[in-house]
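Down below is the structure, laid out as C-alpha cells.
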Amino acid sequence: MDEPSCQWEGSSMLHLIAILATSPVNTYPPAPAPTEERGRAADNAFWAALNTCDRKHMEATLAPDVEFYHDKTGATISRDAVATSFMNGPCGTTGFHVRRELVAGSLSYGPGGASVDV
C-alpha cells in the first residue's frame, strides 16, 4: 500500500505558517498579579472583620485552604476552622477582645506580593 504523500510548494508553506502564526490561539488572560494595593485592601478587610467579630466577612477574606499557626495552639487549617477558632477565642471569651490597628510603615511587601507585619 502506498503511503500518502503531501508536497508543499515553498510559497504555500510560507502562507500556512503565516496563517498559523497570526491565528488566534486559545489564550487566556494571565491571572492578575498581586499588587500592594490589593494586599493592603485584603489585610484591612480581614482585620476589620476580626475587630468587629464579623464571621461572614472574615470568612470572605480567607482562602478555603488557609493555614493559621499560633504559638500556643499550633496549626489551624481551613477557612471554617480558622473562623471558628477566632469566634470561639478572641471573639467568644468574655472580657477578652483583640483589636488590631495597623501602625504606619509596619506592613511591608516582598516578592510575589507576600505581606509581613513587622
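From the residues in the stretch 75-116 that are closer than 20 Å to residue 35 by Cβ and open to solvent by 80 Å² or more (accessible area, probe 1.4 Å), which one is modelled with the lowest pLDDT?
Looking at the filtered set, the residue picked out is 111.
Could you run through the stretch 75-94 and say how many residues are part of a loop (DSSP other than H, G, I, E, B) and more than 17 Å from residue 46 (Cα to Cα)?
3
Of the conditions (1) surrounded by 10 or more Cβ atoms within 10 Å (Cβ to Cβ); (2) modelled with pLDDT of 85 or more; (3) assigned to a loop (DSSP other than H, G, I, E, B), residue 72 satisfies every one except a single condition; which number is it?
Status for residue 72: all satisfied but (1).
If we scan the stretch 46-54, do we find a residue that is surrounded by 14 or more Cβ atoms within 10 Å (Cβ to Cβ), small (Gly, Ala, Ser) and at pLDDT 90 or above?
yes
Could you tell me whether residue 56 is free of Cβ contacts under 8 Å to residues at least 12 places away in the same chain and in a loop (DSSP other than H, G, I, E, B)?
no
The values are calculated or read from the model by the stated rules, or taken from the named source; none is laboratory data. Quick caveat, the model's predicted, so the values are computed rather than measured. Methodologically, a virtual Cβ is constructed for each residue, glycine included, from the backbone with ideal geometry; neighbour enumeration extends over all protein chains shown. Ligands, DNA and RNA are excluded from the accessible area calculation, which covers all protein heavy atoms including side chains. Shrake-Rupley method; radii C 1.70, N 1.55, O 1.52, S 1.80 Å.
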